[in-house]
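Take a look at the structure below.
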Amino acid sequence: MPPAVNAKSVTRNVGWSVLSKTGTFGLKFVTVPILARILSPEEFGAVAVALALVQFLAMIGGAGFASGLVIQPEEDMETIHSVFWTNLAISTAMALGVFLGADQLAALFGAPEAGDLLRIMSLLIPLQLTGDVAYALLARRMQFSRDALWSMISESAGALIAVALALLGFGVWALIAQLFSSALIRLAGLYAVSRYSPRFVFRPRLVLSLGRFSMGMMGSEIANFITFQSPMVVISRYLGLSDAGAYSAANRFSSIPNQVVLSAVMGVLFPAFSSMMHDRQRRLQALTLSTQVTTVLLAPMMFGLWALAEPGMRVLFGQQWAHAWPVLALLSLSKGILTPCSTYIPYLKGIGRGGMLFAWALFRAIATTGAVAYAAMHGGLIDAMIALCIVNAVVLVGYSWVVHQADRAPLTGFLLTARPMLSAIAMALVVRCLLDAYGHLLPNPALQLVVGIAIGGVIYGALTLLLERRLLQTLKDLMRKRTPAPILAGES
């Protein structure tokens, strides 16, 4: 059986995951601007388009079988080995297909220059999928501290290698080296800490038994992937690699806060919610608390980045990217709008509502792709980003409705989770207005950035202390507990 899940174990594992993501993406906070100064927008765009296709196929190849292992009541080794060989066979076949058809696929995605890159990057597919089983074992055991260590090591090593090669003049190959070195180091680390050794055992019926859950998860994950990656493909196809590179650089940077917090929290919450599948009151309390906390952390980062996008782009990326600051601002705004939704996906996965999750994820993918494509064809990059903001506003309302319908979650919980976002919006508006009115008194963009962050921090801190006192007290009480206790002992 998976270990008992309580407030202490979830808090500890979230802490390890956040620490890992903070370390790795803190390094990316430095390395992405450095690489952007050395490499051209076209080079960024070519790698981004090729990587989008590779990650998409890796997601299909996995078919969600590793997620199925997480919710199994016992660690059946025959099932685990069978999933490993299934993933390896599918990923190898996909890698071969991409290798042979790289030029045609690159042209189809609007980046014919990326054919050679795609051919090499096809090898990432089996590298990613063969690590899924080892990660699933760590997730079901709630051993995220072990994964955190190797995540920091692999991502840090990859980022350092990329910067070193870029400085030595290797150009776009610096980004390729980053991807492969990170993947190889992480793969070795996962197998070391999970103590999993594949054996040649394959039982088709055991793989098929995971099919119902896995297919639903695969469908929703594919739809979510299309949602996140389709803007890159659309922009590359209709607006060119230069705009695709500007979008890629801005998107990578604006995604850092989400990747630090969300990827850490979501990985822990999926097995945690799975353990509460038959305890509705407890899981609703956990949903409310986890959504409030992630919104309190993420909303000021995203809306603050919107307010400070112009000086931030100039300071971090250099003058050659200065024209792209509205893209960074609008991407930050679009991600900020969705902050209350951050825990809904692992929640729906954890309670077994794969069909409902897939249906809404499919709608979101279609709406995002269609809106961005229409705006790109009839306008430009800025119009496409505005369309993305509008779609995400609709998605915020839709996801709240989906969770309410799936589990009859009280609407008061949604109001509680939206309050920190409103505080962050108010803070960002004040900072933006002050920058527009008095920014000329601080002609140095770096100084504008520092002063803006300081003012925003004071405003948001004051609003949080005023409006979120009960949440802060709940967290304080939770941290003081010495013995395991049910998740959440605060407001509902």
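The values are calculated or read from the model by the stated rules, or taken from the named source; none is laboratory data. Predicted, not measured: the structure shown is a model, and the values here were computed from it. Please note: Cβ atoms are built from the backbone with ideal geometry, for glycine as well, and neighbour counts cover all protein chains shown.
Might you check whether a residue that is without any contact (Cβ under 8 Å) to a residue 60 or more places away in the chain, β-branched (V, I, T) and in a loop (DSSP other than H, G, I, E, B) occurs anywhere in the stretch 130-141? First the steps, then the outcome.
We begin by selecting, within the stretch 130-141, every residue without any contact (Cβ under 8 Å) to a residue 60 or more places away in the chain; these are 130, 138.
Still in the running and β-branched (V, I, T): 130.
The next check asks that each one be in a loop (DSSP other than H, G, I, E, B); those that pass are 130.
Within the stretch 130-141 (the criterion being without any contact (Cβ under 8 Å) to a residue 60 or more places away in the chain, β-branched (V, I, T) and in a loop (DSSP other than H, G, I, E, B)), the answer is yes, since at least one residue qualifies.
Taken over the stretch 307-339, residues that are surrounded by 24 or more Cβ atoms within 10 Å (Cβ to Cβ) and within 30 Å of Q473 (Cβ to Cβ) amount to 4. Which condition from (1) part of a helix (DSSP H, G or I); (2) more than 24 Å from the chain's Cα centre (by Cα); (3) surrounded by fewer than 18 Cβ atoms within 10 Å (Cβ to Cβ) is the one that P443 breaks? Unmet for P443, out of (1) part of a helix (DSSP H, G or I); (2) more than 24 Å from the chain's Cα centre (by Cα); (3) surrounded by fewer than 18 Cβ atoms within 10 Å (Cβ to Cβ): (1).
Given the criterion over 23 Å from the mean Cα position of the chain (by Cα) and either part of a helix (DSSP H, G or I) or buried (at least 20 other Cβ atoms within 10 Å of the Cβ) (or both), identify the matching residue among L429, L422, L388, L396. Reasoning before the result, please.
Details: L422 fails: over 23 Å from the mean Cα position of the chain (by Cα); L388 fails: over 23 Å from the mean Cα position of the chain (by Cα); L396 fails: over 23 Å from the mean Cα position of the chain (by Cα).
When all the criteria are applied, what remains is L429.
Checking each residue of the stretch 116-127 against the condition of being crowded, with 19+ Cβ neighbours inside 10 Å, among the acidic types (D, E) and part of a helix (DSSP H, G or I) gives no match.
Tally the residues that are over 9 Å from E42 (Cα atoms), small (G, A, S) and surrounded by fewer than 24 Cβ atoms within 10 Å (Cβ to Cβ), restricting the search to the stretch 241-256.
Here is the first cut: in the stretch 241-256, the residues over 9 Å from E42 (Cα atoms) are 247-256.
Now narrow it down to the ones that are small (G, A, S): 248-250, 254-255.
Those left that are additionally surrounded by fewer than 24 Cβ atoms within 10 Å (Cβ to Cβ): 255.
Number of matching residues: 1.
Could you tell me whether V397 is over 16 Å from P340 (Cβ atoms) and among the β-branched types (V, I, T)?
Values: over 16 Å from P340 (Cβ atoms): no; among the β-branched types (V, I, T): yes.
So V397 does not fit the description; no.
Quick check on L348: is it in the same structural domain as F273 (by TED's automatic domain parsing), over 22 Å from the mean Cα position of the chain (by Cα) and part of a helix (DSSP H, G or I)? Walk me through it before giving the result.
Values: in the same structural domain as F273 (by TED's automatic domain parsing): yes; over 22 Å from the mean Cα position of the chain (by Cα): no; part of a helix (DSSP H, G or I): yes.
Taking the combined requirement at face value, the residue does not satisfy it.
Restricting A250, A246, A166 to residues that are in the same structural domain as R140 (by TED's automatic domain parsing) and in a helix (DSSP H, G or I) narrows the list to A166.
Report yes if V315 is within 20 Å of Y344 (Cβ to Cβ), out of contact with any Ser or Thr (no Cβ under 6 Å at 6 or more places or on another chain), at pLDDT 75 or above and among the β-branched types (V, I, T), otherwise no.
Values: within 20 Å of Y344 (Cβ to Cβ): no; out of contact with any Ser or Thr (no Cβ under 6 Å at 6 or more places or on another chain): yes; at pLDDT 75 or above: yes; among the β-branched types (V, I, T): yes.
When the stated conditions are applied, V315 does not pass them.
If I ask for residues that are crowded, with 22+ Cβ neighbours inside 10 Å and among the hydroxyl-bearing types (S, T, Y), which ones from the stretch 87-106 would you list? Selection gives S91 alone.
Quick check on my filter: what residues within the stretch 374-385 are part of a helix (DSSP H, G or I) and either in contact (Cβ under 8 Å) with a residue 24 or more places away in the chain or not aliphatic (A, V, I, L, M) (or both)? I'd like the intermediate steps shown before the answer.
Residues of the stretch 374-385 that are part of a helix (DSSP H, G or I), as a first pass: 374-378, 381-385.
Result: Y374, A376, M377, H378, L381, I382, D383, A384, M385.
Say whether the condition of being at pLDDT 80 or above and surrounded by fewer than 17 Cβ atoms within 10 Å (Cβ to Cβ) is met by at least one residue in the stretch 137-159. There is no residue in the stretch 137-159 that is at pLDDT 80 or above and surrounded by fewer than 17 Cβ atoms within 10 Å (Cβ to Cβ).
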